[in-house]
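The values are calculated or read from the model by the stated rules, or taken from the named source; none is laboratory data. This one's a predicted model, so the numbers in the text were calculated from it and none came from an experiment. No Cβ is skipped: glycine too gets one built from the backbone with ideal geometry, and neighbour counts run over all protein chains shown.
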């Protein structure tokens with residue numbers, strides 16, 4: 001049991017300004033000298049990168065589809081206990097969850113599980129009084145919505161005093177300020193969500209400028225007080241299996257391969273792995289004496305030419321695979337292992353070539369959203385999968401997606417074959433969340449341990 005000051009920022013829909021306002025509030029808290037932890041609700045890699053740029057440490061994901069109530073609270077508290085205040089950013093609209101028909105996995109579900117007070121960000125563009133029924137609807141849709149306040153986004157300063165008064169007079173809620181429209185702080189979109197933070201020039205300077213505006217338009221001290229008005233939270237630590245010897249896992253990490261769940265890596269460490277990062281873009285070869293490989297997702301298509309030109313790294317990865325090193329490759333990492341991969345313009349470039357297939361660009365999302373994976377036999381590192389959770393989100397496809405596993409859409413009837421898997425590998429488009437089922441990470445590390453012990457024989 002512990003006291004963890006916390007707040008969750010949400011909105012009626014995507015595109016309401018959640019990420020940028022969350023980053024601005026994080027910056028304002030950091031400028032006060034506070035030790036801040038941040039979290040993103042749902043399977044999102046990019047928003048936590050923006051958070052991390054502000055707070056100077058890794059941001060975490062929390063997802064009530066991936067983990068049950070106790071495990072969700074454990075993952076939150078483990079990080080929150082190291083901070084003075086925790087800020088969670090919601091996903092999509094507040095009540096939007098699984099399959100578009102359930103609140104499971106929604107920001108509301110996360111607030112409920114973690115007993116967190118919520119601030120609703122309402123985009124007021126093109127509205128004035130009409131925002132009151134929107135707020136009223138969100139307050140009343142669930143008996144205990146946990147919504148304690150609102151922030152009015154894109155609202156002219158001249159309208160704010162009277163609108164704030166009307167909201168607080170007519171609705172049982174407090175207004176914590178407004179955000180004026182500021183074109184200079186706009187974040188552009190890309191085909192897979194937001195651009196990466198390192199692509200935005202002078203990001204830190206712009207954030208500081210934005211935070212200074214929020215200092216004048218938001219009740220930051222009131223938000224801190226609201227975060228402190230939370231119940232104590234208890235959790236149970238999970239029983240994490242451990243291998244008998246430490247193994248060295250090489251993890252791809254650079255501009256092209258940057259989609260990582262930090263909790264996945266921390267779980268591998270708890271199970272007995274040490275992590276050695278390498279760059280398929282910039283390094284000439286893999287680190288020496290690795291016992292396993294983890295090729296994560298990202299935007300390899302944006303760097304296809306450069307990845308192809310790094311012949312020594314491609315050969316190093318292929319040689320390691322041919323020698324039998326256990327490995328996992330997700331989405332972008334899976335694409336990198338193909339014979340060829342197209343860039344955004346449709347030009348094909350040679351890749352590692354351990355997969356005798358080609359990766360190509362499509363015009364739309366083919367398979368996306370939450371999934372559960374089952375394997376047909378005991379084919380993944382000697383284990384059978386039974387419902388490990390993850391997600392897919394990609395505009396690319398392969399001429400050979402694999403057929404070791406069946407991916408199922410939760411609450412839907414759609415299924416499809418995927419994954420190339422055996423005792424040494426698991427490769428395909430799905431991104432897995434290891435805490436949803438310890439089977440994959442544990443048996444992967446067991447395979448790495450066996451490889452380590454037999455390397456010299």
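Among the residues that make up segment 156-170, is at least one of them under 21 Å from residue 206 (Cβ atoms), in a loop (DSSP other than H, G, I, E, B), touching a helix residue (DSSP H, G or I) at 6+ places or on another chain (Cβ under 7 Å) and modelled with pLDDT under 95? Steps first, please.
To start, the set of residues in segment 156-170 that are under 21 Å from residue 206 (Cβ atoms) comprises 157.
In the following step, the residues that additionally are in a loop (DSSP other than H, G, I, E, B) were identified as 157.
From the residues that got through so far, the ones that are touching a helix residue (DSSP H, G or I) at 6+ places or on another chain (Cβ under 7 Å) too are none.
No, that holds for no residue.
Could you run through segment 37-65 and say how many residues are more than 17 Å from residue 95 (Cα to Cα) and touching a strand residue (DSSP E or B) at 6+ places or on another chain (Cβ under 6 Å)?
12
Which pairs have Cβ atoms under 8 Å, sit 6 or more apart or on different chains, and link a residue in segment 13-36 that is on the phi > 0 side of the Ramachandran plot to one that is assigned to a loop (DSSP other than H, G, I, E, B)?
Qualifying pairs under 8 Å: 17/11; 17/154.
Closer than 19 Å to residue 246 by Cα and in contact (Cβ under 8 Å) with a residue 12 or more places away in the chain, is that true of residue 294? Walk me through how you get there before you give the answer.
Details: closer than 19 Å to residue 246 by Cα: yes; in contact (Cβ under 8 Å) with a residue 12 or more places away in the chain: yes.
Yes; evaluated as a whole, the condition is true for this residue.
Being at pLDDT below 95, under 24 Å from residue 445 (Cα atoms) and crowded, with 22+ Cβ neighbours inside 10 Å: is that true of residue 298 here?
The answer is yes for residue 298.
Listed here are the residues, each with its yes/no results for (1) more than 30 Å from the chain's Cα centre (by Cα); (2) over 25 Å from residue 112 (Cα atoms).
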{"site": "130", "(1), (2)": "yes, yes"}
{"site": "134", "(1), (2)": "no, no"}
{"site": "141", "(1), (2)": "no, no"}
{"site": "145", "(1), (2)": "no, no"}
{"site": "151", "(1), (2)": "no, no"}
{"site": "163", "(1), (2)": "yes, yes"}
{"site": "166", "(1), (2)": "yes, yes"}
{"site": "171", "(1), (2)": "yes, no"}
{"site": "176", "(1), (2)": "no, no"}
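Looking at 241, 287, 326, can you tell me which residue is modelled with pLDDT of 95 or more and more than 27 Å from residue 71 (Cβ to Cβ)?
287
Please give the helices (runs of 4 or more DSSP H) falling wholly within segment 275-367 in which 3 or more residues are under 19 Å from residue 427 (Cα atoms) and over 25 Å from the mean Cα position of the chain (by Cα).
Here the list reads 311-322.
For residues that are touching a residue at least 12 places away in the same chain (Cβ under 8 Å) and assigned to a loop (DSSP other than H, G, I, E, B), tally how many sit in segment 58-70.
Final tally of qualifying residues: 7.
Output the residue which, of all residues in segment 371-387 that are part of a loop (DSSP other than H, G, I, E, B) and on the phi > 0 side of the Ramachandran plot, is surrounded by the most Cβ atoms within 10 Å (Cβ to Cβ).
The qualifying residue surrounded by the most Cβ atoms within 10 Å (Cβ to Cβ) is 381.
Being more than 20 Å from residue 138 (Cβ to Cβ), at pLDDT 75 or above, in the same structural domain as residue 27 (by TED's automatic domain parsing) and assigned to a helix (DSSP H, G or I): is that true of residue 222 here?
no
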